[in-house]
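Everything below concerns the one structure shown next.
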Amino acid sequence: MKKTIFSLAALAGLTLFGSCNDFLTEDVRGQENLDTYFESEDEVNTYVGGCYFQIAKGGGWWQVYNTWLMSDMTTDDMWDGNTTQDDGYQDITHFMPNGQSSGILQNFWGARYQGITSCNLGLERIPQVNMDEKLRDIRVAEVRFLRAFFYFDLVRNFGGVPLMLTYGEGAEGKERSSQEECYKFIEDELKQAAAVLPQRSQYAAADMGRATRGAALGILGKVQLYQGKWAEAKETLKTIIDEKEYRLLDNFGDVWSVKYNNSEESIFEVQQMYGGDAYSLGGSLTVVTGCRNGVGDGWSWGQPTSDLENAFIAAGDTERLRWTIIKTACTEIAGETQFNKFIENNSSIGAITDQKFQDYKKTFGWTDEVYTTGYIIDPAQHKSSRIIRKYFVPLDDRPEIYNTDKIPLNHRVLRYADVLLMYAEACAESKDDTQARWALNEVRKRVHLSEVTSSGTTLRDAIRDERRLELAFEQCRLYDLRRWDCENGKKMMCNVFGPDGSFVKYNTGANADMYEQWNQGEPSDKGTRFQENRDLLYPIPLYEIQHSNGAILQNPGW
Amino acid sequence: MINKTALVQNYSLSVRGGNEKYLYSLSVGYYKNNSQYDYGYWDKINVRLNTEYNFTNWLKAGLDIAPNLEKWENTPELFSAAMSMDPTTPVFRPESEWDAANPMNNYQRSYNNQEWNPAASLARMDNKSTKLQVLMNPFIQVQPISQLTLRTQFGVNAWYQRNDYYDYAFHIDALEQNTKDKVGRNYSDALNWTWNNTVTYMDTFAEKHNLTAMVGFTAERYADWEGKAARQDVPGQSDLLHEVNAGTGDQFAEGKSTYQTLASVLGRVMYNFDSRYYLTASIRYDGSSKFAKGNKWAAFPSVSAAWRLSEEPFMEDARGWLNNAKIRLGWGKVGNQAINPGLFLSTLDNSVNYVFGTVSSRYPSAIIGQMGNPNLKWETVEDIDFGIDATFLNNRLNLTFDVYQKTSHDMLYARQSLLITGNPQWMGAITQNIGEMRARGWELSLGWNDHVGDFGYNVGVQLSGVRNRGIKFSGDGPVLAGDGLPESIIQNEDGGLISRFYGYQADGLFQNWEEVYAHTNEHGTLIQPDAQPGDIRFLDLNHDGKLDQADKKYIGNPYPDLMLGVNIGLDWKGWDFLANFYGTFGNDVFNLQKTRYSGASGQNVYRGTLNEAWHGEGTSNDIPRLSYNDLNQNYSRVSSFFVEDGSYFRCKLLTLGYTFPEKWMGDFNLRLYFSAQNLFTFTKYKGMDPERPLYDGNVLETGIDRAKYPTPKTFLFGVDFKF
């Protein structure tokens, strides 16, 4: 008996010990292991989908869309807007001394490097996968395009950044590359990608939304333009025009319509759709920039300035004005067939007899008609009492849930009108006024504006004005203001902002807009703190400066 | 909404009995603890049965079994929200705006900040759990000869847990809403077992040589399973429909399994000569599933010796006053593998989607889920200890003294890293063997017990101190930790004390413009151009005329210089009294809650902020002026403004009891007692609780006050009844 028990215990112990290394092997279950991934075409496709996901982190607004929106807020086109809540934007958009601490920029910075890391791994592993070679090359080129785009999105905001080019590369001691080095890298990558990527027309319907040759060339042209490489930009952009893959839509109003996602004008878009609560497949900007007092639940961030509105009016541009800005007390919203719902919504600010509306009548010279036939964007809650029409979705097109990451409106990253205007600018800068006028007038024709016949600096300025109106709220203005040289030898940004900046003088002067003047929840002196030697780039997030132990240097002026 | 008091009830009953062959004990307990909110409780019934049976004189077996049943409503974490909510916002909207269809919509959105209405959050709480757990510990012990014992023990800890919840749909504001209601159920169960097998040989040779030798093998496995299901859109308002089956909308499901294993081979020899000289040596060889192949196993030896000098013949004269004296010296290594499983693997996150197609359709995608660290290995803690135990004066006075040094080699730590690494973890944290850290400390415990007639008393004092120092951390720079402000609050560097706060030196407030303008360096550069009177003056330590990383220094240490425990016991004719005190001295707290003075983001501020904050020359030299945008970064810079002395001395427990005398009660034994926990505290600390911050975080990141559920005062009335 004793012996039996003894030997049984010993036997059991020995058997177990013998198989100990098996016993001690426990893989993570339910998640695929990276070491054994990249075995098939399907896995490559899934992985590349994830690289696209990184463009805007799905529909999440706080990593990428937030900074995209803030980019326009840092210009004369857009206020932070929401005056009932504290924001994290003012540190940056009002050029505050604590801009380095901006959590928004930190999130964006982190998100972009996560995207870059995904792409780095893809570029290392996909070429070794046994699959259809042609498709494999395309997938690699798509990832290459995305990585270049992510770097571009960093460099245009922060200047030169650390170039992380291999997966798992040590970050300690890594320094920033110069802006020139970064742009050189981005250009090379985009050229490589453009040589392989299919044209828009070559993709199957199910692949719509993937990176195209046009997208790679378009971003390449922009990178060249941003550096003032006029001849190269001109050539690149001309290639897109000559390859005739794109055209302007007939109606400007369709450009940002849900019904015209991935249109022939569109060169690259963030793909979004309504996925219910189960999948966050939609975009967020519609809700983030929506009217705070309805219809729908808007957050009222990012409001058009009257300064921009004035620019439309000065240009006689009624068409693009109505498709770009919705203003309080309006009696129609372009493209909205259920405007009566918006009139009904006026009760959200109280009854017509309430003191609030009576005060508005007195302050803004309104009549009762405004309440009974107009749409009131509450001046008390909105800095400019205006909201963006481009991101607005008419009631008929809204999905069941009007909420962030549910909106099926693709975000237009690059479209043909931008390419035409970039081409016009590159031509004008390289003294080819004929081509410049042609491209400029193509864009103007659509919105029934007269042909521009000028040349030289006047033509160049006309192109600049056109960019502002055509591409308002499309993340172009900030980078244009930062790069455009003016007659006084300064960047245009320095003439718009600063104590004597045009935008500051207008808003703090006697001719300021009555709504913007009345609501000081966001101070009208935005831009007075602008510093020429500091604010032509965003600050590198302080977190990164601190954690780099001195390797990553801050931009000047901080 | 938050109550000052919460009721705790605790009942227990135990019996024990047996004979030479059979021993048993049984206890049954019931515990109920209400939360300090209007929602939430914890209910527990536990039973413990211990049995042991001697079959023959060489074979015995036993079984401990302890089932328990717990039920609770999840206690919400709303302290911070309740503190931040501005007091001018009413709980409810005006009654005229009430929504008859959904009363959850009747709460008021904050007028001034983004905090969700905590009363509304509380009203929506519907989250209940039930857990059934069984602990079992059967063993068989064989003693073929009296010196040899073979024992095998198989401990099982298994539980099953169910959680049911209902998320209300509500709309208080665009930013405070849930568009669809959701009903869900989560299941989890676990089976953890530990199998210990030992062979022990114990013998005495030549009367004075005592030897114990043991070899053993142990194996452990921890398995967890989880399944979750939920569905949206429950029709109607009835509680009866709060079942997943009743949902009509989107469906949600999750499920996963986690396994961890450990195995050890161990051996130990203990020897003593004549109960005077002791020697112990052991070695264990541990394997863990948490490390990759090649790093799974590590060996951990230890050696110790002791000398009981009071047994020496030459000490015979001293026995009158020295009852026992022993000197100990030990060295040993133990392993640590307390990290999440699977961290050495790089994995994909398949939960993301993108969209492609002319007709948009979901495109299941994958991103990097975890960047693993294949080089992870065991952390080794090397311990050297020297100690003295002694009792004097008829065992009335006892003393224990220890000095020790604990060195952690290859310390396991999730280190924040640069965001350019692209690591998807929060703050780019990656778990690694971060380097070497050393704790050197001492502990002294003194006790005295005696009686004067019927009056018995005892007093004990425990004193200790420890210094934790980083020796060498891997990588270039210091190890940063502690989030909550734009920059990391804590810095750990090679050779320095750990977890110290690192930031700017605040030097009071500017009282007037002259002082603002006077704050320049030697060349007259204005150091704080954005400051106004009432803002904090920060020191420009390197005199370069601006504030940057180079002006930071260590501004506080969360670890105390001295820890003190005192306990006092008294008894007199059936009365008994017990008091425990505990305190720490010389430690700092980073009072992150001071940001609540700022009123930034329209949040509530502390009562009296208006008067406490600077509002004119000479009104304050601590709390800066209230401002809309804090251009001086009073509240966003890591600075000594936040650092406060966290020393405290607290009465942890007071108990007064009375046992009824035998002559009244006969065979019954009845004791009534009243006790109070955390009754009073002496501290200069201005936050809620000086004790709590040191429990948060980890060894390299502690001492930041995050306003977690504070240590509550508890009053207990008890009845002990034995028969």
- Can you work out which of the residues in segment B:538-558 that are more than 25 Å from A:L553 (Cα to Cα) and in contact with a Leu (Cβ under 7 Å, 6 or more places away or on another chain) is surrounded by the most Cβ atoms within 10 Å (Cβ to Cβ)? B:P558
- State whether the residues of segment A:18-41 include one that is in a helix (DSSP H, G or I) and at pLDDT 95 or above. yes
- Among the residues of segment A:281-298, write down those that are at the interface with chain B (Cβ under 8 Å from one of its Cβ atoms), assigned to a loop (DSSP other than H, G, I, E, B) and closer than 20 Å to A:K57 by Cα. A:L281
- Task: Just one of (1) surrounded by 19 or more Cβ atoms within 10 Å (Cβ to Cβ); (2) within 13 Å of chain B (Cβ to nearest Cβ) trips up A:T75, so point out which.
- Result: (2)
- Task: Hey, could you check segment A:330-355 for residues that are without any contact (Cβ under 8 Å) to a residue 60 or more places away in the chain and of a type in the set (A, V, I, L, M) and say which is surrounded by the most Cβ atoms within 10 Å (Cβ to Cβ)?
- Result: A:I349
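Yes or no, residue by residue, for (1) touching a residue at least 60 places away in the same chain (Cβ under 8 Å); (2) in a strand (DSSP E or B); (3) surrounded by fewer than 20 Cβ atoms within 10 Å (Cβ to Cβ); (4) within 14 Å of chain A (Cβ to nearest Cβ):
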{"site": "B:A325", "(1), (2), (3), (4)": "yes, yes, yes, no"}
{"site": "B:G332", "(1), (2), (3), (4)": "no, yes, yes, no"}
{"site": "B:G335", "(1), (2), (3), (4)": "no, yes, no, yes"}
{"site": "B:I339", "(1), (2), (3), (4)": "yes, no, yes, yes"}
{"site": "B:Y354", "(1), (2), (3), (4)": "no, yes, no, yes"}
{"site": "B:K377", "(1), (2), (3), (4)": "yes, no, no, yes"}
{"site": "B:I384", "(1), (2), (3), (4)": "no, yes, yes, no"}
{"site": "B:T400", "(1), (2), (3), (4)": "no, yes, yes, no"}
- Query: Just one of the numbered conditions (1) aromatic (F, W, Y); (2) buried (at least 21 other Cβ atoms within 10 Å of the Cβ); (3) not assigned by TED's automatic domain parsing to the domain that holds A:G110 is not true of A:Y226; which one?
  - Reply: (2)
- In segment B:515-528, how many residues are in contact with a Pro (Cβ under 8 Å, 6 or more places away or on another chain) and surrounded by fewer than 17 Cβ atoms within 10 Å (Cβ to Cβ)? 1
- Task: Quickly run through segment A:494-524 and pick out the residues that are under 21 Å from A:I92 (Cα atoms) and among the aliphatic types (A, V, I, L, M).
- Result: A:V496, A:V504
- Residue in segment B:591-611 that is at negative phi, within 32 Å of the chain's Cα centre (by Cα), part of a strand (DSSP E or B) and at pLDDT 90 or above present: no
- Item | Pair list, Cβ under 9 Å, 6 or more apart: segment B:251-274 residue within 7 Å of chain A (Cβ to nearest Cβ) and loosely packed, with under 15 Cβ neighbours inside 10 Å, other residue in a strand (DSSP E or B) and among the acidic types (D, E) | B:K256/B:D224; B:K256/B:E226; B:S257/B:D224; B:S257/B:E226
- Could you say which residue among A:I326, A:I333, A:I343, A:I267 is in contact with a strand residue (DSSP E or B) (Cβ under 7 Å, 6 or more places away or on another chain), more than 10 Å from every other protein chain (Cβ to nearest Cβ) and in a loop (DSSP other than H, G, I, E, B)? A:I333
- Task: Give me a count of the residues in segment B:229-282 that are modelled with pLDDT of 90 or more, within 19 Å of B:H209 (Cα to Cα) and in contact with a helix residue (DSSP H, G or I) (Cβ under 8 Å, 6 or more places away or on another chain).
- Result: 1
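Taking segment A:302-329 on its own, how many of its residues are among the small types (G, A, S), more than 22 Å from A:D525 (Cα to Cα) and crowded, with 22+ Cβ neighbours inside 10 Å?
0
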- Task: Could you please find all residues in segment B:458-495 being more than 23 Å from the chain's Cα centre (by Cα) and farther than 23 Å from A:A171 by Cβ?
- Result: B:N458, B:V459, B:G460, B:V461, B:I471, B:G495
- Note on the structure: When B:T714 is run through (1) at pLDDT below 85; (2) touching a Lys or Arg at 6+ places or on another chain (Cβ under 9 Å); (3) surrounded by 15 or more Cβ atoms within 10 Å (Cβ to Cβ); (4) over 30 Å from B:I471 (Cα atoms), the failure sits at (2)
- Task: Scan segment B:165-212 for residues that are farther than 14 Å from B:R124 by Cβ, within 13 Å of another protein chain (Cβ to nearest Cβ) and among the aliphatic types (A, V, I, L, M) and report the count.
- Result: 3
- Note on the structure: Note on segment A:512-558: residues hydroxyl-bearing (S, T, Y), touching a helix residue (DSSP H, G or I) at 6+ places or on another chain (Cβ under 7 Å) and assigned to a loop (DSSP other than H, G, I, E, B) are A:S524, A:T528, A:Y538
- Message: I need the full set of residues from segment A:39-65 which are surrounded by fewer than 20 Cβ atoms within 10 Å (Cβ to Cβ) and more than 24 Å from the chain's Cα centre (by Cα), in order please.
- Response: A:E39, A:S40, A:E41, A:D42, A:E43, A:N45
- Would you mind finding the one in A:Y167, A:Y113 that is more than 8 Å from chain B (Cβ to nearest Cβ) and either buried (at least 24 other Cβ atoms within 10 Å of the Cβ) or of a type in the set (F, W, Y) (or both)? A:Y167
- Query: Can you tell me which residue in segment B:469-514 is surrounded by the fewest Cβ atoms within 10 Å (Cβ to Cβ), limited to those that are without any contact (Cβ under 8 Å) to a residue 40 or more places away in the chain, away from chain A (no Cβ under 14 Å) and touching a Pro at 6+ places or on another chain (Cβ under 7 Å)?
  - Reply: B:W513
- Message: Looking at segment A:174-193, can you tell me whether even one residue there is free of Cβ contacts under 8 Å to residues at least 24 places away in the same chain, within 14 Å of another protein chain (Cβ to nearest Cβ), farther than 17 Å from A:Y52 by Cα and surrounded by fewer than 23 Cβ atoms within 10 Å (Cβ to Cβ)?
- Response: yes
- Note on the structure: Conditions (1) of a type in the set (F, W, Y); (2) within 14 Å of chain B (Cβ to nearest Cβ); (3) under 29 Å from A:I463 (Cβ atoms) -> A:Y246 fails only (2)
- Query: Here are some residues: B:N186, B:N157, B:N137. Which one is part of a strand (DSSP E or B), within 30 Å of B:T261 (Cα to Cα) and touching a residue at least 60 places away in the same chain (Cβ under 8 Å)?
  - Reply: B:N137
- Item | Residue list for segment B:451-463, filter: among the small types (G, A, S) and surrounded by fewer than 16 Cβ atoms within 10 Å (Cβ to Cβ) | B:G453, B:G456
- Task: Quick one: in segment B:457-489, of everything that is polar (S, T, N, Q) and part of a strand (DSSP E or B), which residue is nearest to B:N433 (Cα to Cα)?
- Result: B:N468
- Selection count, segment B:402-435, where residues are surrounded by 18 or more Cβ atoms within 10 Å (Cβ to Cβ), in a strand (DSSP E or B) and among the aliphatic types (A, V, I, L, M): 3
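The values are calculated or read from the model by the stated rules, or taken from the named source; none is laboratory data. Just so it is clear, the model here is predicted, and its values are computed rather than measured. Methodologically, a virtual Cβ is constructed for each residue, glycine included, from the backbone with ideal geometry; neighbour enumeration extends over all protein chains shown.
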